[in-house]
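Below is one structure; the comments refer to it alone.
The values are calculated or read from the model by the stated rules, or taken from the named source; none is laboratory data. Predicted model, so just to flag it, every value in this text is computed and none were measured. Using ideal geometry, Cβ is built from the backbone for each residue, glycine included, and neighbour counts are taken over all protein chains shown.
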Amino acid sequence: MTVAARPERFDLPGADLRLAADRWGPRTDDVVVFLHGAGQSRRAWDDAAEAVAAIGWHAITVDHRGHGDSEWPIEADYDWDRFADDVIAFGGMRAIRERGYQVPHDLAVTGFGDYELASFVSPPLTSVHFDMHQMGIIAARRLCMLFDEPDDYPWLVRVPTTLIVRESA
């Protein structure tokens, strides 16, 4: 199966603002929703979404509030409760159930960041875990390097991740 190089762009209603999203592949009952972690955008999942679409599943990638092309909250409200509201309101597990789907029977949902919240939603969210503290150290070192010797070069850092499998996948 050939997958279009560009996904279909659409908007999802968040708890109190618009969230940008992309659709990849055929609109089938087999759906995978990709949620990114802090400091990223839905583009972090492009390769994975394209691969999922290539096997015939429908992939959806979403920008969280204030990330990528999604709207910014008026009061810069990024606390855990607001994050949870968006994940649930935009088409997370509540909206999925409202459309008659069951997680994980009909589709798998996986997040990135393994926030504490992931184990408290129903069903508990499968998530990719990474060391946020280590990422902070790496970012601070890069910033210091740029102060000492500015450059315009892209910088890629790969950090170890672990898939934390819970009931959503």
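Things worth noting here:
- Test result for residue 66, of a type in the set (Gly, Ala, Ser), surrounded by fewer than 17 Cβ atoms within 10 Å (Cβ to Cβ) and modelled with pLDDT of 85 or more: no
- The set of residues from segment 98-144 being among the polar types (S, T, N, Q), modelled with pLDDT of 75 or more and in a loop (DSSP other than H, G, I, E, B) comprises just one member, 102.
- When residue 6 is tested against (1) surrounded by fewer than 19 Cβ atoms within 10 Å (Cβ to Cβ); (2) touching a Ser or Thr at 6+ places or on another chain (Cβ under 9 Å); (3) at pLDDT below 80, just one condition goes unmet, and that condition is (2).
- The condition (being under 23 Å from residue 132 (Cα atoms), acidic (Asp, Glu) and modelled with pLDDT of 90 or more) is satisfied by just one residue among 22, 46: 46.
- Any hit, segment 156-167, residues being modelled with pLDDT under 70 and either part of a loop (DSSP other than H, G, I, E, B) or of a type in the set (D, E, K, R) (or both): no
- Scanning segment 27-66 for residues that are assigned to a loop (DSSP other than H, G, I, E, B), within 15 Å of residue 7 (Cα to Cα) and of a type in the set (Lys, Arg) returns a single hit, 27.
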